[in-house]
Structure formats: C-alpha cells, structure tokens
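The values are calculated or read from the model by the stated rules, or taken from the named source; none is laboratory data. Predicted model, so just to flag it, every value in this text is computed and none were measured. Here the Cβ positions follow ideal geometry from the backbone for every residue, glycine too, while neighbour counts run over all protein chains shown. Surface accessibility is based on the protein's heavy atoms, side chains included, excluding ligands, DNA and RNA. Shrake-Rupley method; radii C 1.70, N 1.55, O 1.52, S 1.80 Å.
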Amino acid sequence: MQFTSVLPALKRASAAAVGALGILASGAVYADSIAPTSFSASLGVGESVTITKTVTVTAAPPTDALIDVMFVFDTTGSMGSAIAGAKTMADGLLTSLGSFGSVASGVAFYNDPGAGTVKAPVDTTAATTVAAITGLGASGGGDYAELGYDGISAAAAGGGWRAGSNRFIIALGDAGFKAGAATLASTLAAVGGISADVIGIDFCSSSGTCALAPTFASSITGLGGSVFASSTTPDAIAAAITAGITASFATYSKVTVDDLGGGLPEIAVSTVCTGADIGSCSGADAVGSYDRSVDRVFTFDYTFTRVAAGDKDFVTFALVDDKIVARELDSFKTPEPATLVLMGMGLLGLGAARRRSV
C-alpha cells in the first residue's frame with residue numbers, strides 16, 4: 001500500500017466511476033479485524049501480562065478508516081460572489097465523508113495581504129468546523145495572485161491531525177498562488193511532512209480569474225493535488241476521495257498492532273510479531289509484499305505493563321502501513337492494596353468473633 005498518498009488512485013476515479021463507487025461511502029461492513037475484540041485484567045504497578053493478538057486483513061477492502069480534513073478558504077474580495085458556494089461545498093463534503101468512517105475536520109483561510117490562519121484545528125466535533133466556516137467572509141486582496149501557499153502551509157501545521165489517519169487539505173479558491181511567508185517548496189515540504197493529499201475546488205468561473213496565470217488549478221497540481229470544478233457535487237468528490245482511500249489499501253507491506261500512546265500514563269505496551277502469513281516478522285512488524293487477493297492472518301505477542309496506578313480503558317489498533325484498519329478495547333483495573341484486603345479480612349474475623357461471644 002502506498003500510504004503517503006491516495007492521489008494516484010483518486011485521480012483515476014473518473015466521473016463515470018464515481019457514481020458506481022458511491023456505495024463505499026454508504027456504510028460497508030468493517031472487514032479487517034483484531035482479536036480478541038476486548039481484553040481486561042487487573043495489574044499492579046510493575047506487573048505485566050502478555051497475550052496473543054491476531055490481525056486478519058481480508059480480501060474485502062477496509063472501511064474502518066480515519067479521515068482528517070482541513071478546509072482552506074480563499075477569503076479575498078474576488079471570492080465575494082463565490083464564498084457562499086464554497087461554504088456550502090465544505091458543509092456538503094463534511095456530511096458526505098461522515099458515512100465512510102471516523103471524520104475529523106478543521107478550517108483555515110488565507111487573505112492578501114496577510115498570512116494563512118488556522119481558524120479551527122482538526123477536531124472530531126463537526127459543529128466546531130461548521131461554526132468556523134459560517135464565520136468566514138470575503139474581502140480585501142486587490143492584486144493577483146493570492147497567498148494560497150501560506151494558507152495550505154498553515155493548515156498542515158495547524159495541529160489536531162490524528163495518528164493513523166488519511167489526511168486531506170481541501171483548498172477552495174479562485175486564483176493562483178504566489179510566494180509569501182511560504183513558497184511552493186516549503187509548502188510541498190509541509191504537506192509531505194504530514195503525508196496529506198491536497199485537493200482543490202476551483203471557483204474561478206464565478207469570479208473571472210480563469211484566464212490569469214498562475215491559475216488556481218495549476219497551483220494545486222503544482223502541489224501534486226487533484227482539482228475539481230466548483231460545479232462538482234459534494235457527494236461525487238467524497239466518493240472519489242473514499243475510492244482513492246480504498247484503492248490505496250489494495251497492496252501493503254507492513255502490519256502491526258499499537259495503542260498509539262492511548263494507554264499512557266498508566267499502561268505501557270510493546271509488540272513482538274510472531275506470525276506473518278507469507279512474509280516475515282521483524283520486531284513489532286509483519287513485513288512482506290501483500291495484497292488483498294486472499295484473507296491474511298498475522299499474530300503478535302502484545303505485552304501490557306502497569307507503569308502507574310489508575311483504572312484505564314483504551315483502544316488498541318491494527319495498523320496496515322501505519323493506517324488504522326481495525327480496533328479493539330483494553331481495560332485495566334488497579335488491584336486493591338494488600339493492606340486494605342488484610343484489614344478487611346481482619347474486620348470480618350473480628351465481627352465473627354463477636355457474634356460467637358454473644
């Protein structure tokens with residue numbers, strides 16, 4: 001699986017194919033799995049327990065995916081007639097993507113003069129994104145091109161990106177980009193640093209900037225991105241995105257299990273691969289050249305170690321090429337201190353003795 005980018009597959013999703021692939025965004029069965037589906041134990045500080053976790057990567061595509069989206073709006077004056085449509089497009093995409101898996105989103109914008117600004121970091125609360133989008137307006141600017149590189153770089157660095165997520169920066173604008181605090185090179189580095197895909201929604205037809213160079217479309221493709229016309233429906237764009245994610249999982253080279261830090265500070269985890277289908281084990285990972293032509297099974301010795309007191313419930317993930325494909329719940333209690341147990345036993349004995357003396 002090429003997990004650094006789903007764009008090659010996304011670009012191949014033609015307008016005709018998008019409709020056929022729409023079912024991927026309508027709630028398929030979660031295919032991949034991790035067993036046992038839950039585990040619970042009582043551990044004292046310094047104690048450990050090791051269990052076998054079995055990951056099955058099926059021939060069917062996964063749908064238990066995390067999708068993180070940062071919307072980046074051009075809020076200069078030329079977008080005055082298009083900003084309402086851009087807001088509607090973002091709201092529609094948020095709704096359409098929500099049926100595919102777990103979606104988190106955020107909002108950034110850029111103006112000229114001025115740098116890109118994160119209005120709301122990536123967050124799982126859709127209402128926060130909607131409120132941030134609602135508060136945007138279009139004004140300012142006055143020259144060509146715009147500081148789109150600043151906006152996209154700000155979005156990449158804006159925080160909130162979840163571990164194991166498929167990441168998208170969706171820019172909505174009508175004019176090409178120019179260098180400001182960020183350049184083409186630095187923006188490419190920022191986007192690549194978080195393994196995000198860039199998608200552009202082109203509103204140039206509504207503002208008369210289509211013939212000016214650089215165009216919005218050329219600026220997005222210069223970042224390795226895909227461009228959709230503003231007339232494309234949100235459902236069609238969401239279907240192309242989810243089709244690209246699904247296609248990117250068709251082949252893969254690494255499988256592991258990890259809690260991604262969720263057990264800390266109470267529980268630390270470690271993983272040792274013990275079985276790797278047709279591949280081999282290398283430390284925590286099963287490695288090989290895999291595809292989804294058949295179901296494949298991988299096993300791991302997974303050790304929990306209590307490092308601090310306190311009850312803890314957290315999720316362990318199955319990861320294929322560092323992307324989450326399945327999850328299960330682990331729960332740990334802190335044992336009752338021995339002194340309290342002995343005290344309780346002593347009180348019970350005292351009570352029994354008193355009853356015998358009556």
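Would you please name the residue that is farthest from Val72 (Cα to Cα), looking only at residues in region 92-130 that are open to solvent by 30 Å² or more (accessible area, probe 1.4 Å), small (Gly, Ala, Ser) and out of contact with any strand residue (DSSP E or B) (no Cβ under 8 Å at 6 or more places or on another chain)?
In this case the residue turns out to be Ser99.
Identify all residues within region 114-137 that are assigned to a helix (DSSP H, G or I) and without any contact (Cβ under 8 Å) to a residue 40 or more places away in the chain; write none if there are none.
Ala126, Ala127, Thr128, Val130, Ala131, Ala132
Under 9 Å by Cβ, and 6 or more places apart or on different chains, what pairs join a residue from region 210-225 that is at positive phi with one that is buried (at least 17 other Cβ atoms within 10 Å of the Cβ)?
Gly224/Ser5; Gly224/Leu7; Gly224/Leu188; Gly224/Val191; Gly224/Asp197; Gly224/Val198
To keep it simple, each residue is scored yes or no on (1) within 24 Å of the chain's Cα centre (by Cα); (2) of a type in the set (A, V, I, L, M, F, W, C); (3) closer than 14 Å to Val55 by Cβ.
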site	(1), (2), (3)
Asp258	yes, no, yes
Gly261	yes, no, no
Cys273	no, yes, yes
Val294	no, yes, no
Thr299	no, no, yes
Gly310	no, no, no
Phe314	yes, yes, no
Phe317	yes, yes, yes
Lys333	no, no, no
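Go through (1) within 30 Å of Ala157 (Cα to Cα); (2) modelled with pLDDT of 90 or more; (3) in contact with a Leu (Cβ under 6 Å, 6 or more places away or on another chain) for Val72 and report which single condition fails.
For Val72, the exception is condition (3).
Looking at (1) part of a helix (DSSP H, G or I); (2) farther than 21 Å from Ala90 by Cβ; (3) in contact with a Leu (Cβ under 9 Å, 6 or more places away or on another chain), which is the one condition that is false for Ser186?
(3)
Can you tell me which residues in region 213-230 are more than 17 Å from Ser186 (Cβ to Cβ) and assigned to a helix (DSSP H, G or I)?
Those that are more than 17 Å from Ser186 (Cβ to Cβ) and assigned to a helix (DSSP H, G or I): Phe216, Ala217, Ser218, Thr221.
The conditions are (1) modelled with pLDDT of 90 or more; (2) small (Gly, Ala, Ser); (3) touching a strand residue (DSSP E or B) at 6+ places or on another chain (Cβ under 7 Å); (4) buried (at least 18 other Cβ atoms within 10 Å of the Cβ), and Ser165 fails exactly one of them. Which is it?
Unmet condition: (1).
Restricted to region 302-326, and to residues that are crowded, with 21+ Cβ neighbours inside 10 Å and of a type outside the set (A, V, I, L, M, F, W, C), which residue is nearest to Thr271 (Cα to Cα)?
Filtering first and then ranking leaves Tyr302.
Out of the residues in region 159-177 meeting the condition of being in contact (Cβ under 8 Å) with a residue 60 or more places away in the chain and in a loop (DSSP other than H, G, I, E, B), tell me which one is nearest to the chain's Cα centre (by Cα).
Once the filter is applied, the top-ranked residue is Ser165.
How about region 275-323: which of its residues are farther than 26 Å from Ala59 by Cβ and in a loop (DSSP other than H, G, I, E, B)?
Answer for region 275-323, where residues must be farther than 26 Å from Ala59 by Cβ and in a loop (DSSP other than H, G, I, E, B): Gly283, Val307, Ala308, Ala309, Gly310, Asp311.
For every residue, the table says whether it meets (1) surrounded by fewer than 22 Cβ atoms within 10 Å (Cβ to Cβ); (2) closer than 30 Å to Ile170 by Cβ; (3) modelled with pLDDT of 95 or more; (4) within 19 Å of the chain's Cα centre (by Cα).
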residue	(1), (2), (3), (4)
Ala229	yes, yes, no, no
Ala236	yes, yes, no, no
Ala239	no, yes, no, yes
Ser248	no, yes, no, yes
Glu266	yes, no, yes, no
Ser270	yes, no, yes, no
